[in-house]
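Q: Below is the structure I would like to discuss, written out as structure tokens.
The values are calculated or read from the model by the stated rules, or taken from the named source; none is laboratory data. Only a predicted model underlies this, so the values are computations on that prediction, with no experimental measurement involved. Every residue, glycine as well, gets a Cβ built from its backbone with ideal geometry; the counts of neighbours run over all protein chains shown. Surface accessibility is based on the protein's heavy atoms, side chains included, excluding ligands, DNA and RNA. Shrake-Rupley method; radii C 1.70, N 1.55, O 1.52, S 1.80 Å.
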Amino acid sequence: FFQFCSAELLLMMSLMAWGESFDRLLECKTGQLVFEDFLKTEYSDENLLFWLACKKYKKIIRVTEMTIAAKQIYTEFVQVGAPRQINIDCVTRDEISKNISQPGPNCFDRAQKLIYGLMENDCYPRFLKSETYQDLLEQAEQQ
């Protein structure tokens, strides 16, 4: 069926899927980019960037690479005063700080879940009502 669909129809289907669930939005690379642009307007793109960095981090197998990546994530997003500091509770931040010298594959799980929840319950509903998303839907419908 999909091979016979036009690009416009596929775009429309993707855009509508983004409105069905937050996971559907994040599964789509274009969805991630559009959502990131929206988050930039709210000065909260660090949330998505952190979540994506954690997702990528979990795929690392080699311990040396994991240690380097964990320290980069910690420095950029987690430590107090980080350039893109995420909004997490002090218990979660302290837990990560204690484990950062010997990070495991799940060292950011708690923080990643917190940030996911924040985006899903706070940012995502605003995104769906945003001019950005509504304009895209309107443009796709007109094609």
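One line per residue, one yes/no per condition, for (1) farther than 18 Å from Cys107 by Cβ; (2) hydrophobic (A, V, I, L, M, F, W, C):
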| position | (1), (2) |
| --- | --- |
| Glu20 | yes, no |
| Gln32 | yes, no |
| Leu39 | yes, yes |
| Leu52 | no, yes |
| Val63 | no, yes |
| Met66 | no, yes |
| Pro83 | yes, no |
| Cys90 | no, yes |
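Q: Here's a follow-up. Consider segment 91-132. How many of its residues are open to solvent by less than 40 Å² (accessible area, probe 1.4 Å), modelled with pLDDT of 95 or more and among the β-branched types (Val, Ile, Thr)?
A: Here the count works out to 3.
Q: Continuing with this model, one more query. Residue check: is Leu48 under 14 Å from the mean Cα position of the chain (by Cα) and either in contact (Cβ under 8 Å) with a residue 24 or more places away in the chain or open to solvent by less than 30 Å² (accessible area, probe 1.4 Å) (or both)?
A: Taking the combined requirement at face value, the residue satisfies it.
Q: What are the pairs, 6+ residues apart or on separate chains, where a residue within segment 58-82 that is open to solvent by 30 Å² or more (accessible area, probe 1.4 Å) has its Cβ under 9 Å from a residue that is among the basic types (Lys, Arg)?
A: The qualifying pairs are Glu76/Arg84; Gln79/Arg93; Val80/Arg93.
Residue-wise test of (1) out of contact with any Lys or Arg (no Cβ under 8 Å at 6 or more places or on another chain); (2) under 19 Å from Lys29 (Cα atoms); (3) not small (Gly, Ala, Ser).
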| site | (1), (2), (3) |
| --- | --- |
| Thr64 | yes, no, yes |
| Arg84 | yes, no, yes |
| Thr92 | no, no, yes |
| Asp109 | yes, no, yes |
| Tyr116 | yes, yes, yes |
| Leu137 | yes, yes, yes |
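Q: While we're looking at this one, here's another question. Yes or no: Asp135 modelled with pLDDT of 95 or more, surrounded by fewer than 16 Cβ atoms within 10 Å (Cβ to Cβ) and more than 17 Å from Lys55 (Cβ to Cβ)?
A: Taking the combined requirement at face value, the residue does not satisfy it.
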